[in-house]
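Undergrad: Below you will find the structure I want to go over with you.
Please treat every number below as a calculation from the coordinates, not as lab data. Owing to the predicted nature of the structure, the values given are computational and were not obtained by experimental measurement. Heads up, the Cβs are rebuilt from the backbone with ideal geometry, glycines too, and the neighbour counts pull from every protein chain shown.
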Amino acid sequence: MATGTPTPWSYTLIRYLFKFVLKIFYGTIVVENAHLIPQTGRSCIVCANHSNSLTDALLLVTSMPSERRNMLRLTAKATQFGHRTFTSWLIESAGTIPIKRRMDSADGSVDNSEAMLKLMEALELGDAVCLFPEGMSRYHPTIAPLKTGVARLVSDVLSRNRDDPTFEISVLTCSITYMHRQHFRSDVLVTFHEPMIFRPSDNPELLTPVNYDEIKSLTSQLYQKISMGTIDSPSWDLIRTARLAGRLYAPFGTRMTLGDHVRVLRTFLEAFKITELPINESGSKALPKEHTQLRFDLKAYQDQLAQCGIKDDRIRRPLPRRIIFPRLLIRLTWSIFLFAISLPGLSLWVPIFLTTFYAVHNFKKTGPIFDTWDEIAQYKLIYGLMSGLCVWCAAVIFTFPYASITFFLIPAMMWITLRWLEDAVSAFRAFTALLRLLRVGKPMLKTMYERRKDLYGRIMNLAVEIGLPENPESHFAETGGWEKGRVRGTWDSRARYFSIKRRRKRDWNETLRLYDKVDYPEDE
């Protein structure tokens, strides 16, 4: 049996370095079904959706436990190689294989035969290689039609080893879901699916000469497996509507895992997607007209919430003014206190925030949203890492007589400052939400409450119709909830609020911003 390529020291360094950086940038990274990853020595192609440029590859590298796979061979567009930049060094030192793209060629022709040969040789050694079958990263709500490269690679490597009865290759599909891919302290879900196993003896239809229909069929299967684990929508507007449906169904504070949250959102999304299809495409029995109307009513309600600057939970549980005023004072006092104790550590974070802001601000000017925003997280990670290391080194040098202490004290101080800052921003966000609630006025709140009550009943009917549990709050509390950021019971809730390790979240939509992120780019 093959043993795989030995792990280069640079790959190990990159894995641990960016595992640390990703855990700082994203509030929660949840990896599902890591036990399905084939062990080192078993040939494996890992393919995933591609919406966040280099960050997708780094997430896959760091999400694979080293005890299961010692190394994941990456691929990247050839234009990222050969530059005197940190990104170029990072890609090359990890053993990445360059892939040429037609869009980067002057005459539109490319020759990737050398790259395919290297991929086949790596697979025959028992390595795992990573391919993104969409062909390119893009900031878009839907998964692009998949290229046939993965299926053709499976066919070629099986054909090269047709005389080896023990040879097999696995295709491990993976779905990556970002709550807000480019925002600091947002959440990420990485879901691995059951691998597809191919052998020359079991899959003669993939041996050369191969019928192209078999290649297209395998590519279609890959698309189905990847899309079933993430949010795949024809428009940003539909995602926005499905998110509101999910919040009405499983309200603020429901103890559910990130995976359950994404699956609920996707279930509503699939139901609303059918309302956009003609009857001959959506099947013989389309959803009733009231479901189409429900979608438009949800959009109107979300528009009203956005206009008032409040969340649905403020309508679900309206607060009398005698409670709002004391809470305003408590939230403001708590946020000021947390900001105050964060100030010493913020002096270390400010250079990092300014550096990343300047880099991203200039990068956004280089192209339209769909062509640039998928690389924002990558820029923040790399510029944040470099500026963070500079701040750390400068602080240690500045305190050189006590360098043995400050070497460890500086990063610890920066981390606890980040934790305090998260809670301070959350408290101030609650304070501003309560202020806006006062500004809305009782008559409007009463009208919105009645509107929400009607929408809630219709959403629950739809939820039962599409197979979701009737009582989500009790169901998800029983089936999950111990996941990062989630709480069980009053004592656990209070204890985790002061956790140094990780902020207690009640909403998977939360980011480190002074306002709630609910809107998306305008659809083209």
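Undergrad: Calculate how many DSSP beta bridges within the chain are antiparallel, expressed in % of all such bridges and rounded to the nearest 5.
TA: Working: 8 of 27 bridges.
Bridges in the chain that DSSP calls antiparallel: roughly 30 percent.
Undergrad: Gap in Å between the Cα centre of the range 2-51 and the Cα centre of the range 105-168?
TA: What the calculation gives is 19 Å, centre to centre.
Undergrad: Ignoring everything except DSSP H segments at least 4 long, calculate the 222 nm mean residue ellipticity for the chain; use -39,500 (n - 2.57) per segment, divide by total residues, nearest 500.
TA: Computed mean residue ellipticity for the chain: -18000 deg cm²/dmol.
Undergrad: Report the Cα centroid-to-centroid distance between the range 397-469 and the range 342-386 in angstrom, as an integer.
TA: 22
Undergrad: Show the residues, 5+ positions off or on another chain, whose built amide H is closer than 5 Å to the amide H of VAL46.
TA: VAL129, CYS130, LEU131, LEU172
Undergrad: Can you list the residues, at least 5 places off or on another chain, whose amide H is less than 5 Å from the amide H of ARG162, using H built in the peptide plane?
TA: So ARG162 has HN proximity to no qualifying residue.
Undergrad: Viscosity 0.890 mPa s, temperature 25 °C: give me the Stokes-Einstein translational D for the range 175-217 in µm²/s, with Rh taken as the Kirkwood radius over C-alpha pairs.
TA: 177
Undergrad: Please list, ordered by chain and number, the residues whose modelled amide H lies under 5 Å from the amide H of ILE99; skip anything fewer than 5 residues away on the same chain.
TA: The answer is ALA76, LYS77, ALA78.
Undergrad: Rounded, prolate or oblate, given the Cα gyration tensor of the range 173-286, with a/c below 1.5 counting as rounded?
TA: Oblate shape, in that a/c is at least 1.5 and b/c is the bigger or equal ratio.
Undergrad: What is the local net charge at PHE357, summed over the other residues whose Cβ is closer than 13 Å to its Cβ (Lys, Arg +1; Asp, Glu -1)?
TA: Summing Lys/Arg as +1 and Asp/Glu as -1 gives +2.
Undergrad: Give me the lysines in straight-line cross-link reach of LYS289: C-alpha distance below 28 Å, same-chain residues under 8 apart excluded.
TA: Qualifying lysines at Cα under 28 Å: LYS273, LYS299, LYS311, LYS446, LYS453.
Undergrad: By how many nm would the segment from ILE323 to MET228 lengthen if fully extended, with 0.36 nm per residue of separation less the alpha-carbon distance?
TA: 29.8 nm
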